[in-house]
Amino acid sequence: MTLREFGWPELQFLVFSVRWTVLLSLIAFAGGGALGLVVAACRVAPSRALRRAMDAYITLFQGTPLLVQLLLVYYGSSFIGFTPDALVAAALTFVLNTSAFFGEIWRGCIEAVPATQWEAARALGLRYLPTLRLVVLPQAMRLMVVPTIGYMVQIVKSTSVASLIGIREITRTAVMVNTVTFEPLQVFGTVCLVYFAICYPLSVLSDRLSRRLDRTRAGGLGDVFRRTRAARRQYGHGFTPG
Amino acid sequence: MSYVFQFGPILDRWPLFLHGALLTIELAAISTFVGLAIAVVLAVSRSFGPRPVAWLIGAYVELIRNTPLLVQLYLVYFVLPKAGMRLDSNQAAALALSANLAAYATEIIRAGLEATPRGLVEAGLSLGLRKGRIIRHIILGPALRSVYPALGSQFVLQILGSSLVSAIAAEELTAVSNNIMMETFRNFEVFIVTGALYLAMVLAFRVFFAQTNRSLFRWAA
């Protein structure tokens, strides 16, 4: 048997399989975002039991590998009486996992809103949920944008794990194409570029936005050396910075 | 439909699980040490080296951070042997995990370097110290100390991330669990136990790093 060449059809097949990666990412983001809001709301709720329960939920998802969670849901669903469907298992796992991470990220943003806001709303007679929805969340939203976009990069990357239960997203397709062509550098290099093309703009965006929120940041330490060197060239060696 | 849990055949194999857990910790530890050593060099060169070097390191960091670990694993596992480097699964796994951690740790250490008060650096320059000595004596020490907690959590992430190397048939806890699953067919129970083991390791190391941070740097507080 001869190997296939890594030509145009293979490249096309590989690159277009990214639609499953995008689909899984969107499911994880939308589902995980909605559920994550609930998790975050419970995490700062007045009820201590609820807070504890959500803390345990978050610890569970942050303390075990995504792959193990995925396999647990995949095999678990078959044993509890459902037919194991890779796509359903993957969607469910990603939604639950993402909700735990978003819950924890957003809790931090909510807690960064001054406690006086809660007290003021309470004084006006608002109860917990209206306070959160009308007073605190709109203010926390500003802080939530940057880490949320940053976490979207994690979501896109983590969908590659779904390839291990047989979902033919781009990583799985790459393994298949690599098996028939054995051109690993071209195959996995292409896949890297595709992921990079999705993730890098998100990283840059989150970086830019965070810099805008934090205007005070000055130039790097490298600049101190560079400026001193330049000044010494100009004013002679006796120059001291400051 | 009711499902009867049977943990017996799995718990009988506890020495295998223990072995797998130790392999996971070993893999995480090796890749963290190697990755850190690389990261210190990369971070210093990125902050203080010539522009092209800094740019190259920046490109490396962004490339690693914006592609999945699994793809990086496949890349190392398939490409390097084809290029003539003999590499078994475990070595490929350690290499890919180290290269991955190096990129993240570079960013963490660089944040520590850049957080050095510029007054300290300027004081060093005024005293006539050369750049190398300023970096070594004034900047690097406090920077490494301030990033210790972040590096601790990076080690924990490394434990979790190492579960992926079972995909290239390297040996660690998830791979061991896969084998046990094939022997016992108690898939669900196997991964409950595996998940519990990972959770226990992660929680234990979190406590360990919090404690060591407190005792190692007590003088600095």
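So here's what we get for this one:
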| item | result |
| --- | --- |
| Members of segment A:154-176 that are of a type in the set (D, E, K, R) and either more than 7 Å from chain B (Cβ to nearest Cβ) or open to solvent by 30 Å² or more (accessible area, probe 1.4 Å) (or both) | A:168, A:169, A:172 |
| Filter result (part of a loop (DSSP other than H, G, I, E, B) and either under 15 Å from residue B:15 (Cα atoms) or in contact (Cβ under 8 Å) with a residue 12 or more places away in the chain (or both)) within segment B:178-196 | B:186 |
| Residue B:139 part of a helix (DSSP H, G or I), surrounded by fewer than 19 Cβ atoms within 10 Å (Cβ to Cβ), within 8 Å of chain A (Cβ to nearest Cβ) and under 26 Å from the mean Cα position of the chain (by Cα) | no |
| Segment A:177-197 - residue that is surrounded by fewer than 16 Cβ atoms within 10 Å (Cβ to Cβ) and among the β-branched types (Val, Ile, Thr) and, of those, nearest to the other protein chains (Cβ to nearest Cβ) | A:179 |
| Residue identified as touching a helix residue (DSSP H, G or I) at 6+ places or on another chain (Cβ under 8 Å) and within 11 Å of another protein chain (Cβ to nearest Cβ) among B:119, B:124 | B:124 |
| Qualifying residues in segment A:204-219 (those that are at pLDDT 75 or above and charged (D, E, K, R)) - the one surrounded by the fewest Cβ atoms within 10 Å (Cβ to Cβ) | A:212 |
| All helices (runs of 4 or more DSSP H) inside segment B:1-113 with 3 or more residues being of a type in the set (Phe, Trp, Tyr) | B:14-48, B:69-82 |
| Which listed residue is more than 9 Å from every other protein chain (Cβ to nearest Cβ), modelled with pLDDT of 95 or more and either assigned to a helix (DSSP H, G or I) or surrounded by fewer than 19 Cβ atoms within 10 Å (Cβ to Cβ) (or both), from B:200, B:175, B:204 | B:204 |
| Members of segment A:45-90 that are more than 13 Å from chain B (Cβ to nearest Cβ) and in a helix (DSSP H, G or I) | A:48, A:49, A:50, A:51, A:52, A:53, A:54, A:86, A:87, A:88, A:90 |
| Selection count, segment A:103-152, where residues are open to solvent by 60 Å² or more (accessible area, probe 1.4 Å) and among the β-branched types (Val, Ile, Thr) | 2 |
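The values are calculated or read from the model by the stated rules, or taken from the named source; none is laboratory data. Treat the numbers as computed from the prediction; the structure is a model and nothing was measured. Because the Cβ atoms are built from the backbone with ideal geometry, glycine has one as well, and the counts that use them run over all protein chains shown. Note: areas computed on protein heavy atoms with side chains; ligands, DNA, RNA excluded. Shrake-Rupley method; radii C 1.70, N 1.55, O 1.52, S 1.80 Å.
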